[in-house]
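The values are calculated or read from the model by the stated rules, or taken from the named source; none is laboratory data. Predicted model, so just to flag it, every value in this text is computed and none were measured. Glycine gets a Cβ as well: all are built from the backbone with ideal geometry, and neighbour counts include every protein chain shown.
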Amino acid sequence: RDHHSMDSGFQKKLASLNSTQLSIETLSKWMVFNYKHAKTLVHTWDKEIRRTQPERKLTFCYLANDVMQNSRKKGRDFNHEFAKCLPVVFYDMHRKCQDVPKCLESVLRLCTIWE
C-alpha cells in the first residue's frame, strides 16, 4: 500500500512538473527527502518519461540530474536506479526528439555530465 500511494502521489507531482527551475528543484528536494523510496520513484519516473510528450522529456531529465546531484549525501541509491534506465530513456528520446534539435543537444550535454 505504501509503495502504491508513493507511486500515485509521485505521478501527480510529475504531471504538474514544469520547466521552471523552481518546479524542478522543489520536486527534486521532495524526491531526495524520500530517498528510501528511490527504487519506486525512479521506476515511476521511467514509466512517465516514456509516456510524456517529447518537449516535456527534457524537463524530466533535468529533474533526474538535479536529484542525482543533490542525493549524493544520502547515498548512491538514486544514481544506481537511474543508471539502470537512462540508456533506454536516452535511446527513446533520441528517436522521438529528432524534430526538436534543442532537445537532442541538451540530452547529449546531460549524457556527458552523467558519464
Inter-residue pairs, beta-carbon under 9 Å, first acidic (D, E) and in the range 38-58, second not in a helix (DSSP H, G or I), 6+ apart = E55/S19; E55/C97; E55/V100
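Can you tell me which residues in the range 58-73 are in contact with an Asp or Glu (Cβ under 8 Å, 6 or more places away or on another chain) and surrounded by fewer than 20 Cβ atoms within 10 Å (Cβ to Cβ)?
D66
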In the range 1-42, which residue that is surrounded by 11 or more Cβ atoms within 10 Å (Cβ to Cβ) and of a type in the set (D, E, K, R) is nearest to F78 (Cα to Cα)?
-> K39
Tell me, which helices (runs of 4 or more DSSP H) lie completely within the range 51-115 with 2 or more residues that are out of contact with any Pro (no Cβ under 9 Å at 6 or more places or on another chain) and within 19 Å of L14 (Cα to Cα)?
-> 54-70, 77-96
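Condition check ((1) modelled with pLDDT of 95 or more; (2) within 24 Å of V88 (Cα to Cα); (3) out of contact with any strand residue (DSSP E or B) (no Cβ under 9 Å at 6 or more places or on another chain)) across all residues:
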{"site": "S8", "(1), (2), (3)": "no, yes, yes"}
{"site": "K12", "(1), (2), (3)": "yes, yes, yes"}
{"site": "A15", "(1), (2), (3)": "yes, yes, yes"}
{"site": "N18", "(1), (2), (3)": "yes, yes, yes"}
{"site": "W30", "(1), (2), (3)": "yes, no, yes"}
{"site": "A38", "(1), (2), (3)": "yes, yes, yes"}
{"site": "H43", "(1), (2), (3)": "yes, yes, yes"}
{"site": "R51", "(1), (2), (3)": "no, yes, yes"}
Report, ordered by the first and then the second residue, all pairs with beta carbons closer than 8 Å, sequence separation of six or more or different chains, a first member in the range 18-32 that is within 19 Å of K57 (Cβ to Cβ), and a second member that is buried (at least 20 other Cβ atoms within 10 Å of the Cβ) and among the polar types (S, T, N, Q).
-> M31/S71
